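To keep things clear, I will list the structure first and then write my remarks on it.
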Amino acid sequence: MKNRIETTCVQGGYTPGNGEPRQIPIIQSTTFKYDTSEDMAKLFDLEASGYFYTRLQNPTNDNVAAKICALEGGSAAMLTSSGQAASFYSVFNIASCGDHVVASSCIYGGSYNLFAVTMKRMGIEFTFINPDCSEEEFQAAFRPNTKAVFAETIANPALVVLDIEKFAKMAHKNGVPLIVDNTFATPVNCRPIEWGADIVIHSTTKYMDGHASGVGGCIVDSGKFDWTKYPEKFPGLCTPDHSYHGITYTEKFGLEGAFITKATAQLMRDLGSIQSPQNAFLLNLGLESLHVRMERHCANGQAVAEFLNSHDKIESVKYCGLKGDKYYDLAQKYLPKGSCGVVSFEIKGGRAAAEKFMKKLKLAIIATHVADAHTCVLHPASATHRQMTDAELYNCGISPSMIRFSCGIENADDIIADLAQALAD
Ligand SMILES: *Cc1c(COP(=O)(O)O)cnc(C)c1O
């Protein structure tokens with residue numbers, strides 16, 4: 001019997017045997033012991049499955065990855081040390097120097113820098129498209145050397161909701177997979193694979209961990225993209241890997257296992273962005289209550305968005321749960337249970353009014369973070385985008401008075417009372 005998502009949040013990924021620990025054990029060990037060199041050689045040859053060195057695989061991490069895999073409806077998954085590592089590996093696993101990727105322009109700033117600056121230095125070029133563009137404009141971004149399409153379910157911080165079916169259709173028409181960063185929605189509110197996405201990634205640092213305790217990431221493969229239809233486009237998956245005794249990943253591990261095995265055996269081996277077992281344990285504690293917390297984050301987000309929307313000192317509010325929001329209809333389709341707890345808004349009176357408001361907040365703490373149990377708030381113009389002029393801010397979709405407000409799971413009336421007193425004269 002297939003469990004519902006709430007049950008998978010609590011119990012997925014790990015089933016203890018008779019007399020074994022109820023909670024996932026923390027296997028805090030770098031190495032694993034074998035009786036003979038032959039036993040170990042089989043692991044190095046990927047002939048047998050098992051553990052030999054935590055940089056490649058660790059049982060605690062694998063149990064937690066298996067839970068996230070089940071939550072997303074994937075075929076295989078791996079944890080990474082951060083969301084940034086997950087974004088990087090997901091693309092670098094299939095794109096090399098001389099290749100090209102199409103990405104939504106509405107993505108997390110860290111992903112944008114990784115793609116537009118650092119991966120460009122590796123010879124991988126990105127074309128950024130407006131996610132609301134027409135199919136003709138979308139098609140024009142593809143090149144013969146395009147290897148993937150990348151986008152976010154709910155963009156941080158633009159709060160644009162992705163038309164996942166449109167993106168999947170355009171990617172597949174061009175013979176490449178769609179990679180979706182599902183950090184803000186979480187699989188509780190949206191499972192991109194069900195809408196055609198091929199690979200899903202997460203910054204588990206946000207709602208999944210949920211308590212602002214550990215930085216981490218995850219990659220989930222759907223196992224549905226048929227790499228073998230395009231062997232010349234994806235040689236890393238479809239031709240022998242000489243750094244691994246001539247294994248061809250798609251032949252040896254099938255479509256279900258090829259992508260994640262390659263990312264583990266090659267990228268993790270060589271780049272080593274492994275999550276510590278201790279952090280994986282903490283992440284799993286967060287996952288056990290993810291479904292309960294998301295419900296409260298969304299209820300608080302909706303209440304705060306409605307309060308702000310009717311307040312006379314507020315210029316505008318962005319939240320896809322508000323009727324009249326540009327993304328309301330897409331949210332109804334892809335996020336029927338709710339979106340997330342992040343609301344962005346503009347205060348009347350520009351930068352000065354926003355700074356004054358920020359100073360008066362008491363319950364909402366000022367932090368460069370979003371999406372955890374504690375309500376937190378950021379004024380991009382005086383923090384992350386401080387060096388920019390007002391004109392430069394408008395260019396990247398941020399106004400001087402814009403505030404990003406991340407609703408925690410406290411009492412909604414308390415959060416609203418804090419906003420009300422900070423907006424009062
Ligand atoms: C935070 C974030 C990332 C980066 O994750 P880290 O865990 O901070 O490395 C990637 N994507 C989105 C949508 C994020 O919010």
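The values are calculated or read from the model by the stated rules, or taken from the named source; none is laboratory data. Computed from a predicted structure; not experimentally measured. No Cβ is skipped: glycine too gets one built from the backbone with ideal geometry, and neighbour counts run over all protein chains shown. When the accessible area is computed, the model is the full protein with side chains, heavy atoms only, and any ligands, DNA or RNA have been set aside. Shrake-Rupley method; radii C 1.70, N 1.55, O 1.52, S 1.80 Å.
Some points to look at:
- A straight Cα-to-Cα reach below 19 Å connects K356 with the lysines K313, K348, residues fewer than 8 places away in its own chain not being considered.
- Checking every one of the trypsin sites (Lys or Arg not before Pro) in the range 286-367 against DSSP loop status and a limit of 15 other Cβ atoms within 10 Å picks out K313, K323, K326, K337, K348, K362.
- On a per residue basis, the chain carries 42 Å² of accessible surface, using protein heavy atoms and a 1.4 Å probe.
- Kirkwood hydrodynamic radius computed over the range 219-280 comes to 12.4 Å, based on all pairs of distinct alpha carbons.
- Extension gain for S213 to A116 (0.36 nm times residue separation, less C-alpha to C-alpha distance): 32.0 nm.
- Averaging 1/r over each pair of different alpha-carbon atoms in the range 1-112 and inverting the result gives 17.1 Å, the Kirkwood hydrodynamic radius.
- Share, in percent, of DSSP beta bridges within the range 94-238 that are antiparallel, nearest 5: 25
- Projected onto planes of every orientation and averaged, the convex hull of the alpha-carbon atoms in the chain covers 21.7 nm².
- Bridge type composition, the range 8-284 - antiparallel percent by DSSP, nearest 5: 45
- When the P(r) is computed for the range 89-196, the part past 21 Å accounts for 29% of the Cα-Cα pairs.
- Eligible lysines near K120 by straight Cα distance, threshold 16 Å, same-chain separation 8 or greater: K147
- Per-residue HN-Hα couplings for the range 365-371 [Karplus 6.51, -1.76, 1.60; θ = phi - 60°; Hz; x = Gly/Pro]: 8, 7, 7, 7, 8, 9, 6
- Considering only alpha-carbon pairs that sit under 8 angstrom and 6 or more positions apart, the relative contact order computed for the chain is 16 percent.
- Relative to the longest principal axis of the Cα atoms of the chain, the long axis of helix 164-173 makes an angle of roughly 40 degrees.
- With the whole protein complex present, F150 retains an accessible surface near 0 Å², based on a 1.4 Å probe.
- Taking Cβ atoms as reference points and 10 Å as the exclusive limit, the residues near Y249 contribute a net charge of 0, counting Lys and Arg as +1 and Asp and Glu as -1.
- Anisotropy class of the range 324-397 from Cα gyration tensor, a/c 1.5 cut: oblate
- Global geometry of the range 146-304, whether rounded, prolate or oblate, following the gyration tensor of its Cα atoms and the 1.5 cut on a/c: oblate
- Cα pair distances in the range 290-423, grouped into 10 Å bins until the bin that holds the longest one, percent each: 13, 44, 35, 8, 0
- Long-range Cα-Cα pairs in the range 356-421 (distance over 17 Å), rounded percent: 43
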